[in-house]
Amino acid sequence: ASPPQPPAELGKEFWWNEVPERQSTAGSTISFWNDSPADVSRQVTSVSTTASEADFRLPASRTPFDASEARERRLAAVREKRGWKHYFKHVVGVPLAFTAGISLGMIISTVAILNFSGGAGNGDEKSNALLRRPPAIAAQAPYATVPPPAWVPESYMAAMPLDNSCLIKNLAIPEGPQKFDACKFVIESTDEVWNLRGDVDAAIEKYFHEEYVDAGSWGRRIIGKKALREAVLSEMRAFPDIKIHITDCVCKGNDIDGYKCGMPDVLTGTNLGPSAYGPPTGRFARWTGLVESLVKQNPATGQWQYYAEWGVHDEWSLIQQLGLDFARVPRPALNNEPLHDCSPLVRFGPEPAIDKDDKADQEWHEEQAAKAAAV
């Protein structure tokens, strides 16, 4: 039997280029290219296998095959393989991700090693501070709170009482001229030393007496202008952006005997250098305090100066904000501040004088300085 011919609408090109040759075989007859399922016939006979004319008829919804369309699809596939998206997605995607993972791991390991070893280096102070930041203390649940008692505790009533009325007679301020603005002096001197970023050494030299006494937390004492300068510069290194915000001032005294002044303040700063509490943490802190000062006119120079100061600041809050372990903070085992019962820190009568305990510390310092000068 001669091979069937394709439908006239397809043309010879479609038949010879796209449809494989079919040869007659014995055993079955198979029909293709029917327009509907009703036209599909698969008949098995024992005579032959032939393709009918309907086998080559396209459905009504199909269009003749376009060779140029196939060529365009192949070209589009080639262009995609040559593009940068295909290159990064299929060629270098996996090696690039692998290399990035190794690099990121090396960076994290390096930072962790520097942090563990103290971050030694020659970088700027802030960078080194952040690298040397101590590990955060593990958070624990706060202690349970209890409601206040309904009445005065019996244990309190059984304790030894204290009467501070003996102090009152020693607080008298003698009469005298009061033309000097002591609060103005306190505010301006504090700004010149701590806030204005001017000549710090000149400000310390101007505003502090040679035998200046400073009493701080835990009963610590700083005596002498040299020791004061060291303490000030150390604090500035620990908190380069430190600022002292003065919230009030009150002074009592006279131009002859001097003035004792009270100044509450709020300190702010970022811990970028080593401090008296530990290594730099890079953390910002805000802590409050109160300073009482003895301000007098130096008879040798005529300059008003600080002779003594007693300052108490919320260092517990500061240490907590810095994230330091309080158990490792350098400090005395006990608070050695004298009780000063019945004796004010500054007594104006019969003559101006600081408390006897601070006076003894000052006299000891003077003796040591005299011995050192003699050698």
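The values are calculated or read from the model by the stated rules, or taken from the named source; none is laboratory data. Everything quoted here is computed from the prediction, not taken from an experiment. Glycine gets a Cβ as well: all are built from the backbone with ideal geometry, and neighbour counts include every protein chain shown. Surface areas here come from the heavy atoms of the whole protein model, side chains and all, with no ligands, DNA or RNA. Shrake-Rupley method; radii C 1.70, N 1.55, O 1.52, S 1.80 Å.
Were the residues from LYS184 through ALA333 laid out at 0.36 nm apart, the gain over their Cα-Cα distance would be 49.8 nm. Here the Kirkwood formula puts the hydrodynamic radius of segment 136-188 at 18.3 Å, using every distinct Cα pair.
How many percent of the accessible area of segment 141-181 is carbon or sulfur, using a 1.4 Å probe? Mind dumping the intermediate values first?
On the way: 2670 of 4180 Å².
Answer for segment 141-181 is 64 percent, counting heavy atoms of protein chains only.
Here the translational diffusion coefficient of segment 193-266 follows from Stokes-Einstein with Rh set to the Kirkwood radius across Cα pairs; for 20 °C and 1.002 mPa s it amounts to 152 µm²/s.
Within segment 297-375, report the chymotrypsin sites (Phe, Trp or Tyr not before Pro) that DSSP leaves as loop and that have at most 16 other Cβ atoms within 10 Å. Display every interim value, and only then the final one.
Values: sites: TRP304, TYR306, TYR307, TRP310, TRP316, PHE326, PHE348, TRP364; in loops: PHE348.
Of the chymotrypsin sites (Phe, Trp or Tyr not before Pro), not one in the loops of segment 297-375 has a Cβ with at most 16 other Cβ atoms within 10 Å.
Using the Karplus relation 6.51 cos²θ - 1.76 cosθ + 1.60 with θ = phi - 60°, the per-residue 3J(HN,Hα) values for segment 207-214 come to 9, 10, 5, 4, 9, 4, 10, 10 Hz, with x marking Gly and Pro.
Our coupling estimate for segment 247-255, obtained by passing each phi through the Karplus curve with A = 6.51, B = -1.76, C = 1.60 and θ = phi - 60°, is 9, 5, 7, 9, 9, 9, x, 8, 5 Hz, Gly and Pro reported as x. The residues of segment 263-375 expose on average 53 square angstrom of accessible surface per residue, using a 1.4 Å probe on protein heavy atoms. Sparsely packed loop sites in segment 137-209 (the GluC sites (Glu not before Pro) outside DSSP H, G, I, E and B with at most 15 other Cβ atoms within 10 Å) comprise GLU175.
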